[in-house]
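Undergrad: A single structure is presented below for examination.
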Amino acid sequence: MANRIKIAPSILSADFARLGEEIRAIDEQGCDWVHVDVMDGHFVPNITFGPGVCAAIRPHIKGVMDVHLMIAPADAYLEAFAKAGADIITIHAEAGPHLDRSLQYIRSLGAKAGVALNPATPPEAIEYVIDRIDLVCVMTVNPGFGGQSFIDGQLAKIARLAEIIGEREIHIEIDGGVTPETAGNCAAMGADVLVAGSAVFKGGSVAKPEVYGANIRALREAAAAAL
Ligand code: DX5
Ligand code: ZN
């Protein structure tokens with residue numbers, strides 16, 4: 001896949017009381033996608049928001065709304081997230097027994113389909129569903145919380161996924177612990193979408209949006225320098 005790196009801030013690190021303004025700020029400061037972390041307190045040990053919040057923030061997002069579902073089961077909620085305006089819906093390979101069916105269902109709802117892999121899940125998990133996906137999300141932390149440290153052992157998985165994917169139009173997205181220190185290695189291994197929560201929102205606010213801009217640029221430059 002073409003290697004123009006996309007930066008996808010995770011609004012998990014935004015001020016939840018001002019989501020609309022926060023999203024407009026990161027959009028204006030040059031982010032590519034907006035990453036929305038949906039957690040159910042069951043698949044992961046934390047709870048965030050559901051389709052109602054996604055629908056409410058959708059009008060504030062200029063580009064791609066990238067919805068990462070950390071929920072199990074997911075199937076019963078997929079239609080609601082598609083209706084809320086998700087452009088990409090990513091489900092976890094570990095979250096249900098019928099990954100192939102769930103991915104077909106996402107596409108039938110008009111969204112792009114993604115598969116996320118927990119750190120212990122091998123890259124080959126996508127091999128037999130590869131024609132049904134638009135994105136693979138490599139979890140470089142154990143999902144549930146922002147601000148965790150990048151697991152270096154996942155770099156080999158990124159490289160292996162790039163090999164499996166070859167010339168197909170499938171994004172390789174990295175999620176967890178992405179900072180200017182770790183972004184370069186991710187890009188060098190073949191990632192083209194970098195999710196970052198803490199590293200984008202750190203030090204900024206809707207009153208100081210230029211900090212978001214500087215943080216986004218730092219990630220983009222670190223990734224570009226490694227290519
Ligand atoms: C983790 C989430 C991530 C998280 C990233 O469960 O899926 O998107 O918000 O946060 P940072 O960039 O702070 O590791
Ligand atoms: Zn995420």
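The values are calculated or read from the model by the stated rules, or taken from the named source; none is laboratory data. Remember, it's a predicted structure, so these values are computed and weren't measured experimentally. Every residue, glycine among them, receives a Cβ derived from its backbone with ideal geometry; neighbour counts consider all protein chains shown.
Undergrad: Looking only at residues in segment 193-205 that are within 26 Å of I88 (Cα to Cα) and surrounded by fewer than 21 Cβ atoms within 10 Å (Cβ to Cβ), which one is farthest from the chain's Cα centre (by Cα)?
TA: Out of the qualifying residues, it is K202.
Undergrad: So, one more: If the Cβ limit is 6 Å and pairs must be 6+ apart or interchain, which residue in segment 126-145 that is more than 16 Å from ligand 1 (Cβ to nearest atom) pairs with which residue that is part of a strand (DSSP E or B)?
TA: I126/V115; I126/V136; I133/A113; I133/V115; D134/K112; D134/A113
Undergrad: Now for a separate question. Got at least one residue in segment 42-57 being within 14 Å of ligand 1 (Cβ to nearest atom), in contact with a helix residue (DSSP H, G or I) (Cβ under 8 Å, 6 or more places away or on another chain) and not hydrophobic (A, V, I, L, M, F, W, C)?
TA: The answer is yes, given that some residue of segment 42-57 is within 14 Å of ligand 1 (Cβ to nearest atom), in contact with a helix residue (DSSP H, G or I) (Cβ under 8 Å, 6 or more places away or on another chain) and not hydrophobic (A, V, I, L, M, F, W, C).
Here is a yes/no grid of residues against (1) without any contact (Cβ under 8 Å) to a residue 12 or more places away in the chain; (2) of a type in the set (D, E, K, R); (3) crowded, with 18+ Cβ neighbours inside 10 Å; (4) more than 16 Å from ligand 2 (Cβ to nearest atom):
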{"site": "I165", "(1), (2), (3), (4)": "no, no, yes, yes"}
{"site": "E169", "(1), (2), (3), (4)": "no, yes, no, yes"}
{"site": "T182", "(1), (2), (3), (4)": "no, no, yes, no"}
{"site": "C186", "(1), (2), (3), (4)": "no, no, yes, no"}
{"site": "A191", "(1), (2), (3), (4)": "no, no, yes, no"}
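Undergrad: Now for a separate question. If you check I57 against the conditions, is it farther than 26 Å from G153 by Cβ, exposed (fewer than 15 other Cβ atoms within 10 Å of the Cβ) and in contact with a Gly (Cβ under 7 Å, 6 or more places away or on another chain)?
TA: Criteria not met by I57.
Undergrad: Condition first: part of a helix (DSSP H, G or I) and in contact with a Ser or Thr (Cβ under 9 Å, 6 or more places away or on another chain). Now tell me which residues in segment 112-152 satisfy that.
TA: Within segment 112-152, just D152 meets the criteria.
Undergrad: On the basis of being free of Cβ contacts under 8 Å to residues at least 24 places away in the same chain, out of contact with any Gly (no Cβ under 9 Å at 6 or more places or on another chain) and not polar (S, T, N, Q), does A113 make the cut?
TA: no
Undergrad: Filter segment 103-121 down to residues that are of a type outside the set (F, W, Y), surrounded by 12 or more Cβ atoms within 10 Å (Cβ to Cβ) and over 18 Å from the mean Cα position of the chain (by Cα) and give me whichever is nearest to ligand 1 (Cβ to nearest atom).
TA: For segment 103-121, the residue satisfying everything is L109.
Undergrad: Which of the helices (runs of 4 or more DSSP H) found entirely inside segment 1-95 contain at least 3 residues meeting this: within 28 Å of P180 (Cα to Cα)?
TA: 19-28
Undergrad: Separate question: Do the conditions hold for D175, that is, is it modelled with pLDDT of 95 or more, more than 12 Å from ligand 1 (Cβ to nearest atom) and acidic (D, E)?
TA: no
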